[in-house]
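The next block holds one structure in the form of structure tokens; read it before the comments.
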Amino acid sequence: MNKKLIIWVGSIIVALILLGGSLFVVKEGEYKVVLKFGEAVRVESSPGLYVKIPFIESVSPLPKYQMTYESNPTSILTKDKKPIIVDNYTVWRITNPQHFLKTVQTVSGGVQRIDEAVYNSVRRKLSEVNYDNIISENTARGNINDDITKDVSDAIIRDNYGIEIVDVRIKRTDLPESNKESVYNRMISDRQAIAARYLSEGDEESRKITSKADRTATELLAQAEADAKKIIAQGEQEAAQIYNQAYGKDPEFYSFYRTLQSYVTTLNNEPVILLPIDSPYTRILLGK
């Protein structure tokens, strides 16, 4: 009885061991590569429970999600022979786990291959560009990043590592401490020269505009004065004609009207005037 019990218990334990060794779980965001005698025979990528042959097949997990690798700061010479410190990062993922295990085997091995490809591409691309264009965010930097990403991606695909390069970006470009002061002084001098040229061009343009405006104003004033004199002359001529016409129609009334106007002007401030009593001016004033 005890023997049978021991056999049953042993059988159950062996069955559990075999069952445990034949099942494996694939989680979200990972690959499980099934190896048979060390060689990849299949890949399970969908989450769930799977079966393998115990003791013959083993399972190697690999990340399925995107990973980011930050390269160590590297010294590189630009086209204009300026040493700079470049710091960049790479976004990548495993797309073919079987090729990946066959060529680089581990994530750290994949990172090593990526680091080599990125370094070679960054050094080659930046050596073709002047320092001023590299540090400009709005000009060459975007194109350089895109070119490096394509270059590294092509190299990784060519070597068939089972890796996809999503993006390579330069985080920082800086000068070595020993070169910073001299380069900054030269950059300041260049910017001051550019500013002085802009100011000189602005002053010259200002003088041209001011001269043109003064000449136009003088011409307009001269024309306005000429037009005013012409209008005044025409008005005086028309007034004289009107006076002549009025005087010709009734000379006595016109003489009387002009005399009354002279009274308004003469007596405005109530002056004392001595006139002969028989003067025509006095006779009209007295109503005789």
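So here's what we get for this one:
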| quantity | calculated |
| --- | --- |
| Candidate residues THR210, THR90: accessible-area rank, largest first, probe 1.4 Å | THR210, THR90 |
| Packing-based ranking, highest mean first, of 60-71, 194-205 given that Cβ atoms within 10 Å are counted | 60-71, 194-205 |
| Label-point gap, in nm, between TYR198 and GLU225 - each point 7 angstrom along Cα→Cβ | 4.3 |
| Approximate spin-label separation ASN160-LEU49, in nm, with each point projected 7 Å along Cα-to-Cβ | 3.8 |
| Segment 195-270: translational diffusion in µm²/s, Stokes-Einstein, Kirkwood Rh over Cα pairs, 25 °C, 0.890 mPa s | 138 |
| Euclidean distance between Cα centres, segment 38-66 to segment 199-216, Å | 79 |
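The values are calculated or read from the model by the stated rules, or taken from the named source; none is laboratory data. Quick caveat: nothing in here was measured; it's all calculated off a predicted structure. Please note: Cβ atoms are built from the backbone with ideal geometry, for glycine as well, and neighbour counts cover all protein chains shown. Ligands, DNA and RNA are excluded from the accessible area calculation, which covers all protein heavy atoms including side chains. Shrake-Rupley method; radii C 1.70, N 1.55, O 1.52, S 1.80 Å.
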